1. Could you look through the range 68-95, keep only residues that are of a type in the set (A, V, I, L, M, F, W, C) and open to solvent by 40 Å² or more (accessible area, probe 1.4 Å), and pick out the one that is modelled with the highest pLDDT?
2. If a residue must be open to solvent by 10 Å² or more (accessible area, probe 1.4 Å) and touching a residue at least 24 places away in the same chain (Cβ under 8 Å), how many such residues does the range 140-151 contain?
3. When the residues of the range 2-42 are filtered to those that are in a loop (DSSP other than H, G, I, E, B), among the small types (Gly, Ala, Ser) and surrounded by fewer than 12 Cβ atoms within 10 Å (Cβ to Cβ), which remaining residue is modelled with the lowest pLDDT?
4. Return the residue satisfying two criteria in turn: it lies in the range 96-118 and is under 19 Å from the mean Cα position of the chain (by Cα) and charged (D, E, K, R), and of such residues it is least open to solvent (accessible area, probe 1.4 Å).
5. Quick test of your reading of the structure: residue 23 fulfils all but one of (1) out of contact with any His (no Cβ under 6 Å at 6 or more places or on another chain); (2) among the β-branched types (Val, Ile, Thr); (3) in contact (Cβ under 8 Å) with a residue 40 or more places away in the chain; (4) farther than 22 Å from residue 114 by Cα. Name the failing condition by number.
6. Among the numbered conditions (1) hydrophobic (A, V, I, L, M, F, W, C); (2) open to solvent by 40 Å² or more (accessible area, probe 1.4 Å); (3) more than 19 Å from the chain's Cα centre (by Cα), tell me where residue 56 comes up short.
7. Does the range 155-164 contain any residue that is touching a residue at least 12 places away in the same chain (Cβ under 8 Å), crowded, with 20+ Cβ neighbours inside 10 Å, outside any helix (DSSP H, G or I) and not charged (D, E, K, R)?
8. May I ask you to list pairs of residues, at least six apart or on different chains, whose Cβ atoms are under 7 Å apart, with the first in the range 119-131 being surrounded by 14 or more Cβ atoms within 10 Å (Cβ to Cβ) and the second being of a type in the set (Gly, Ala, Ser) and in a helix (DSSP H, G or I)?
Amino acid sequence: MRAALTGHLVLSTLHTNDAVGAVDRLRDMGIPSYLIAAALNGVVAQRLLRRVCPECRVRRGPTEDEALVLARFGYGDVDMLHRGSGCPTCGFTGYYGRLAVHEVFALDARAKRMVAEGAEAPDVLQYARSRGMRRLIEDALEKVKAGETTLEEVLSEIGFDEGV
């Protein structure tokens, strides 16, 4: 925190469920809110998801449950999903390689003020969303829609509750 407060660019890792959660984690570590607001410019949350194997990728329609999940997050128009059927390239898993999904929380003056005043994470998240921040689940579902990963993988690695 001292280095960041003196103008140095500090990159670090922190374990949280999402980008906005980093503020609460820093508070839990005993850092006062006003220092967090002064030092923090942005947070990137990321997860790695398994990529559908390009060699054995097949298309299929979503199941009823999958359609409900997709619709809940605004992806009710997705009529085709992809999965790997399994081949020697992917070791018969249907997945080959990984891809990253991201969530970027950039703190502007108002977000910094909210953090400094001790605003709760849901309020900060609501503000960030109003400024266009895209959640991990949204980035992941875009990749499902594009056929790069599966909904099953997204729900396994990100979870249904985190996207709400």
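The values are calculated or read from the model by the stated rules, or taken from the named source; none is laboratory data. All figures in this text were calculated on a predicted structure; none of them were measured in a lab. Ideal geometry is used to build each Cβ from the backbone, glycine not excepted, and the neighbour counts take in all protein chains shown. The area values use the complete protein model at the heavy-atom level, side chains included, leaving out ligands, DNA and RNA. Shrake-Rupley method; radii C 1.70, N 1.55, O 1.52, S 1.80 Å.
1. Among those residues, the one meeting the criterion is 92.
2. Count: 4.
3. Applying the filter and picking the extreme gives 7.
4. 103
5. Result: residue 23 fails condition (4) only.
6. With (1) hydrophobic (A, V, I, L, M, F, W, C); (2) open to solvent by 40 Å² or more (accessible area, probe 1.4 Å); (3) more than 19 Å from the chain's Cα centre (by Cα) applied to residue 56, the lone miss is (2).
7. Within the range 155-164, one or more residues are touching a residue at least 12 places away in the same chain (Cβ under 8 Å), crowded, with 20+ Cβ neighbours inside 10 Å, outside any helix (DSSP H, G or I) and not charged (D, E, K, R).
8. From residues that are surrounded by 14 or more Cβ atoms within 10 Å (Cβ to Cβ), the pairs are 121/21; 124/111; 127/111; 128/111.
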